[in-house]
């Protein structure tokens with residue numbers, strides 16, 4: 001079997017660590033799914049997302065000089081055909097949608113600029129008082 005970057009395979013989780021999971025994709029051939037490649041959401045504990053013996057679909061995202069495979073579950077999931085999605089029912093008591101990273105970053109930058117200008121004004125006033133004495 002050819003183990004090239006971009007190939008999607010079925011595998012079985014054979015080991016869990018703090019930094020990821022080992023997945024066997026063929027007899028005698030396994031690879032590592034790094035913790036950052038398990039899900040599109042933040043993963044703090046691998047055991048919360050995977051269990052030993054679990055069947056998973058992985059994509060080969062790298063092969064090093066030793067022939068070790070770097071695998072990704074989230075990249076494989078992005079390539080699988082999606083199920084038809086239902087249109088969400090609009091309800092007045094629905095929870096607001098989580099803001100995107102860009103929106104959060106923009107809000108943080110605005111808050112930061114505001115705080116910095118306030119600190120600058122405060123330090124300018126404090127410095128003027130000391131010079132005036």
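The values are calculated or read from the model by the stated rules, or taken from the named source; none is laboratory data. Just so we're clear, the structure is a prediction, and the values are computed from it rather than from any experiment. Every residue, glycine among them, receives a Cβ derived from its backbone with ideal geometry; neighbour counts consider all protein chains shown.
Quick notes on this one:
- Number of the exception - residue 20 against (1) over 16 Å from the mean Cα position of the chain (by Cα); (2) closer than 15 Å to residue 74 by Cα: (1)
- Scanning the range 37-59 for residues that are out of contact with any helix residue (DSSP H, G or I) (no Cβ under 7 Å at 6 or more places or on another chain), without any contact (Cβ under 8 Å) to a residue 12 or more places away in the chain and surrounded by 12 or more Cβ atoms within 10 Å (Cβ to Cβ) yields one hit, 49.
- Residue match in the range 60-73 (condition: modelled with pLDDT of 90 or more, in the same structural domain as residue 14 (by TED's automatic domain parsing), assigned to a loop (DSSP other than H, G, I, E, B) and surrounded by 13 or more Cβ atoms within 10 Å (Cβ to Cβ)): no
- The set of residues from the range 10-28 being surrounded by 14 or more Cβ atoms within 10 Å (Cβ to Cβ) and either modelled with pLDDT under 90 or on the phi > 0 side of the Ramachandran plot (or both) comprises just one member, 20.
- Complete set of residues in the range 29-50 that are more than 23 Å from residue 63 (Cβ to Cβ), assigned to a helix (DSSP H, G or I) and in contact with a strand residue (DSSP E or B) (Cβ under 9 Å, 6 or more places away or on another chain): 47
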